[in-house]
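The structure appears right after this line, and notes come after that.
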Amino acid sequence: MALYDERNILKIGPAEWPHREITPLMVEAVRERIQDAGGTLTVWAVLLEDVYETRLGDGFYLHVQGVALNGDDARQLAALAGDSEWVKWHVKSYALGLKDNMPAFLTARPESDEFRIGDFVVLLAEIPPGGTASRLNMGKGLREQGPYISLPEK
């Protein structure tokens, strides 16, 4: 069952900086993916660690920059982006389900996971029919600012 965590509350409607607007259509698309997966959807996140912040700033935090429906595609996106002196990519899986008919994380997450369920909804809704991964935002700013990379077409 989903645990109470402010990051697990889905807010539909206009964006609150720095997040994107979440529409009912996005929520429905993710709800259908979860239902089609039998009630639990495993999503693989490609997470950005700002190494400068880890070493010299506020500490270790991960920011979701892309998602995939399988681990291989998530690892491939992270490899395409590549680590550098100040950026490190991580890949972790998360179980999503429905709580009160809304997408939610099914397990507790560490405070270092600095993202919300809404971030996953936006990214999952971005995956085209037949696709397996969202675009990966390689920037540290707002998602709309990019730059992006995508998996090569198969």
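The values are calculated or read from the model by the stated rules, or taken from the named source; none is laboratory data. Since we're looking at a predicted model, the values are computed, not measured. Cβ sites come from the backbone with ideal geometry, for glycine too, and all protein chains shown count toward neighbours. Remember, those area values only see protein heavy atoms, side chains included, never the ligands or the DNA or RNA. Shrake-Rupley method; radii C 1.70, N 1.55, O 1.52, S 1.80 Å.
Once the piece of chain linking residue 88 and residue 54 is laid out straight, how much longer is it, given 0.36 nm per residue of separation minus the C-alpha distance between them?
Full-extension gain reported as 11.2 nm.
Taking the 0 to 90 degree range and rounding to the nearest ten, how far is the long axis of helix 24-36 tilted relative to the main principal axis of the chain, both from C-alpha atoms?
The two axes meet at around 80 degrees.
Tell me, what ³J(HN,Hα) does each residue in the stretch 41-55 have, in order and in whole Hz, if you take phi through Karplus 6.51 cos²θ - 1.76 cosθ + 1.60 with θ = phi - 60° and put x for Gly and Pro?
10, 8, 10, 9, 9, 9, 10, 9, 10, 7, 4, 4, 5, 5, 7
May I ask you to give the solvent-accessible area per residue for the stretch 1-148, in square angstrom, as obtained with a 1.4 angstrom probe?
52
Using only the alpha-carbon atoms, how far is helix 117-126 inclined from the longest principal axis of the chain? Give it as 0 to 90 degrees, nearest 10.
90
Roll a 1.4 angstrom probe over the protein heavy atoms and tell me the percent of accessible area of the chain that is carbon or sulfur.
Numbers: 4460 of 8300 Å².
Exposed carbon and sulfur together represent 54 percent of the surface.
Taking a quarter of the surface of the convex hull around the Cα atoms of the chain, what do you get in nm²?
9.0
Would you mind telling me the antiparallel percentage of the DSSP bridges in the chain, rounded to 5?
95
With axes computed from alpha carbons, what is the tilt in degrees of helix 71-81 against the longest principal axis of the chain, rounded to the nearest 10 within 0 to 90?
40
Once both labels are modelled 7 Å past Cα along the beta-carbon direction, what's the residue 7-residue 107 spacing in nm?
1.4
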